[in-house]
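First comes the structure, then the notes that go with it.
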Amino acid sequence: MHRKSLMQQPHAPRALDRGALLSVVAPMFNEHANAEAFVSETLAALDAFSERCRTELVLVDDGSWDGTGEQLDRWAADRSGQVRVVHLARNFGHAAAVTAGLEHARGDLIILMDADLQDDPAAFEAFLREWEAGYDVVYAERSSRKENPLLRLLFWGFYRSFSWMANMAAPLDAGNFALMDRRVVKQLLAFSERNRYLPGLRAWVGFRQTGVPVPRRARPDRRGRVGVRGLWTLGMNAIFSFSYVPLFVFRIAGVLSLGLSAAVLLYALYLNFFAGAQVQGWALQLCATAFLGGINLFGIGLLGEYIARIYDEVKGRPIYVVERVVD
Ligand code: UDP
Ligand code: MG
């Protein structure tokens, strides 16, 4: 298990500098109904930090057509210098909007959250406390979900199978809602990968990470903007970006099939030469089918090995990330 264990040791405790900037980044797509409540709630939470650091709110309007963009612009005018709105040219989807937001945030600490009131700004305080305790990434562990039981079961199953398949340590029940240190965000922005599963990339980067339990609130309008298809794509991105298990299944199936073919052949030889029995036609047929099937599957498994290597090269992830050099 040591290969997958999460590094949990914090740095030495640190204090937040008064001049430091705390950014909150939120993507929004057709959130007209929630935008007012979200922005005022989040700004109120940020105002509570005004004694301790500077704050900003970066809102990404991901091609909304319900007036969300104009609504956000009014906030930006109201709170100029604190609220910034990034309008994307069309709807590019949640992951792209998040990337745009991270690129436009200037904070030394950056909190990423959804703008649908599911992520509770009350968690900021706990996030900051863990950062001060020496963690670079503090993610929300969804201690309770308000979605329907089937969706909850699917999420539960997804996080567990992902963590088993992934070729790195991945926290369970952690989504996008998290505080990240600037140096983690800098690494995330350096990834050239197209299909991004942010919780996975965030875990991949490393540094000192920890989770705090944060109950996930219900979406007031109960209709996720990402939708079932979007969640499916996200799950696929997660698995295919961080696991080669699906490719290597063929190799295992091939080996099993070749093994079966050899076992049947030995059994047939034994029957023929030692038991003096007539070898049945089915045995030879099974032997041949299993052999050919096995060779095929094994070949696909070999191709998989090359594809996995090509894919690794194409993704072009950094080979390592330096935390610090001591001399
Ligand atoms: N969102 C976005 N672009 C999209 C879909 C969603 O910016 O194409 C935003 C959405 O407004 C919300 C966040 O991403 O702030 C999460 O979306 P949603 O609540 O639908 O995701 P879920 O909670 O269902 O995973
Ligand atoms: Mg949501």
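Restricting the calculation to Cα atoms, the stretch 87-206 yields a radius of gyration followed by a Dmax of 14.6, 40 Å. The Cα-based radius of gyration and maximum Cα-Cα distance (Dmax) for the stretch 198-250 are 15.2, 45 Å.
Between helix 32-47 and the chain there is an angle of about 70 degrees, using the helix long axis and the longest principal axis of the Cα atoms.
Taking 7 Å steps out from each Cα toward its Cβ at S80 and A37 produces label points 3.1 nm apart. In vacuo Debye scattering of the stretch 14-113, one point per C-alpha: log10 I(q)/I(0) at q = 0.16, 0.21, 0.23, 0.24 Å⁻¹? Normalising to I(0) and taking log10 leaves -0.62, -1.03, -1.20, -1.29. Taking the Cα centre of the chain as origin and assigning +1 to Lys and Arg Cβ atoms and -1 to Asp and Glu Cβ atoms, the resulting dipole is close to 840 debye.
The calculated FRET efficiency for F92 paired with F158, based on their beta-carbon distance and R0 = 25 Å, is about 0.60.
Of F273, F242, F162, the residue with the greatest mean-square motion in the GNM of the chain, using alpha carbon springs below 10 Å, is F273.
Axis of helix 245-273 versus longest Cα principal axis of the chain: the two differ by about 10°, to the nearest ten degrees.
Per Stokes-Einstein, at 4 °C and 1.567 mPa s, what whole-number D in µm² s⁻¹ belongs to the chain, with the Kirkwood radius over Cα pairs as the hydrodynamic radius?
Values: Rh = 22.6 Å.
Approximately 57 µm²/s, per Stokes-Einstein.
Neighbour counts of other Cβ atoms within 10 Å put S243, S80, S161 in the fewest-to-most order S80, S161, S243. On the beta carbon distance between L16 and L256, with R0 = 51 Å, the FRET formula returns roughly 0.35. Normalised by 2.2 N^0.38 Å, with N the number of residues, the alpha-carbon radius of gyration of the stretch 144-228 equals 1.20.
When the charge dipole of the chain is built from unit charges on Cβ atoms (+1 for Lys and Arg, -1 for Asp and Glu) and taken about the Cα centre, the candidate among A122, S80, S241 whose Cα reaches farthest toward its positive end is S241.
Each value in this text was obtained by applying a stated rule to the coordinates, not by laboratory testing. Since we're looking at a predicted model, the values are computed, not measured. With ideal geometry, Cβ positions are generated from the backbone for all residues, glycine too; neighbour counts draw on all protein chains shown.
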